[in-house]
Amino acid sequence: MAASKPLRIVLLGPPGAGKGTQAQRLVAHYHVPQLSTGDILRAERKAGTALGKEAQGYMDSGKLVPDGLILGLVERELEKGLTGYILDGFPRTVPQAEALDIMLASRAVPLEGVIELTVDYDEIVRRATGRRSCPNDGSMYHLQSNPPKVDDKCDKCQGALVQRDDDKEETVRKRISEYEEKTAPLRPFYEKSGRLKRVTGTGGIDEIFERIKAAIGH
Ligand code: AP5
């Protein structure tokens, strides 16, 4: 049964940890929108906007996009007046997390908690490098753990599946080191305020979803 209280969480975890996969489940269960800064940046790039062009070089080399660009983008999304949300891939630095608290407090929609998906290094490399997605409807596959029925074709629309530019192994390893250096400090940041819950991100997708719901507690 869907919960009545609006969900307001951050999904934290390294590249390929399963944040996007679990966010889709959470959206369907809790009926709140997913706000993925990675997805928004990719859409901006596709549309050829100034923001997309500025972000491109950072993304393709596995680096984080500067905080100023990201905060402007999130501010724009929050202006839409969300009551609940699943933040996926944001915040990713302590200054982003501090700015987020201020933005949410001013809109009276404070963060309920942060779910960190923990997955070991080899598994996240395997997941990210094997990921394929459909550019038409956003469906996600994995060459080994969740393959499409027909090679390289989306099950739903038959569109040709693509690999993200930043999912080449070398770039994935760079993204992981960015995560360790710049995003891992969010653990003590959220632990200090009692908002961090760690969830084992290995096992079946349904099993992990049940663990996340238990950690959320409603
Ligand atoms: P972003 O798009 O946020 O990428 P990411 O955080 O690196 O996360 P991913 O999308 O790679 O992985 P995921 O955890 O969502 O895993 P998924 O569910 O897809 O960011 C991209 C770039 O944008 C950044 O590098 C940066 O440049 C920029 N950016 C974005 N936000 C920013 C910010 N706030 N600040 C600065 N820069 C920012 O799963 C991965 C694969 O595993 C899939 O194939 C899936 O099918 C499979 N899988 C999922 N769960 C399981 C399971 N349980 N078992 C087996 N396979 C599984």
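The values are calculated or read from the model by the stated rules, or taken from the named source; none is laboratory data. Quick caveat: nothing in here was measured; it's all calculated off a predicted structure. Positions of Cβ are generated from backbone atoms using ideal geometry, with glycine treated the same way; all protein chains shown enter the neighbour counts. Side chains are part of the model used for accessible areas, which takes the heavy atoms of the whole protein and leaves out ligands, DNA and RNA. Shrake-Rupley method; radii C 1.70, N 1.55, O 1.52, S 1.80 Å.
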Restricting to the range 1-36, name every residue that is over 20 Å from T129 (Cα atoms) and hydroxyl-bearing (S, T, Y). S4, Y30
Take the range 100-111 and flag every residue that is assigned to a helix (DSSP H, G or I) and either touching a Pro at 6+ places or on another chain (Cβ under 9 Å) or within 12 Å of the ligand (Cβ to nearest atom) (or both). L100, D101, L104
Is it fair to say E116 is closer than 20 Å to F209 by Cβ and open to solvent by 30 Å² or more (accessible area, probe 1.4 Å)? no
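For (1) surrounded by fewer than 18 Cβ atoms within 10 Å (Cβ to Cβ); (2) within 17 Å of the chain's Cα centre (by Cα); (3) within 7 Å of the ligand (Cβ to nearest atom); (4) in contact (Cβ under 8 Å) with a residue 60 or more places away in the chain, each residue gets a yes or a no:
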{"residue": "G52", "(1), (2), (3), (4)": "yes, no, no, no"}
{"residue": "M59", "(1), (2), (3), (4)": "no, yes, yes, yes"}
{"residue": "V65", "(1), (2), (3), (4)": "no, yes, yes, no"}
{"residue": "I70", "(1), (2), (3), (4)": "no, yes, yes, no"}
If I go through the range 167-199 residue by residue, how many of them are of a type in the set (S, T, N, Q) and open to solvent by 70 Å² or more (accessible area, probe 1.4 Å)? 0
Single residue of the range 1-21 satisfying the filter (among the hydrophobic types (A, V, I, L, M, F, W, C) and closer than 19 Å to L100 by Cα) that is farthest from the ligand (Cβ to nearest atom): L7
Please enumerate the residues belonging to the range 79-99 that are within 19 Å of L69 (Cβ to Cβ), among the hydrophobic types (A, V, I, L, M, F, W, C) and either without any contact (Cβ under 8 Å) to a residue 40 or more places away in the chain or part of a loop (DSSP other than H, G, I, E, B) (or both). F90, A99
The correct count of residues that are over 20 Å from T202 (Cβ atoms), in contact (Cβ under 8 Å) with a residue 60 or more places away in the chain and in a loop (DSSP other than H, G, I, E, B) in the range 5-38 is 3
Selection count, the range 133-159, where residues are in contact (Cβ under 8 Å) with a residue 12 or more places away in the chain, over 19 Å from R25 (Cβ atoms) and open to solvent by 50 Å² or more (accessible area, probe 1.4 Å): 6
Complete set of residues in the range 22-50 that are open to solvent by less than 30 Å² (accessible area, probe 1.4 Å) and either away from the ligand (no atom under 11 Å from the Cβ) or basic (K, R) (or both): L26, Y30, V32
Does K213 satisfy being basic (K, R), farther than 20 Å from D101 by Cα and surrounded by fewer than 12 Cβ atoms within 10 Å (Cβ to Cβ)? no
Check V114 against each of (1) more than 14 Å from the ligand (Cβ to nearest atom); (2) under 17 Å from T37 (Cα atoms); (3) not small (G, A, S) and name the one condition it does not meet. (1)
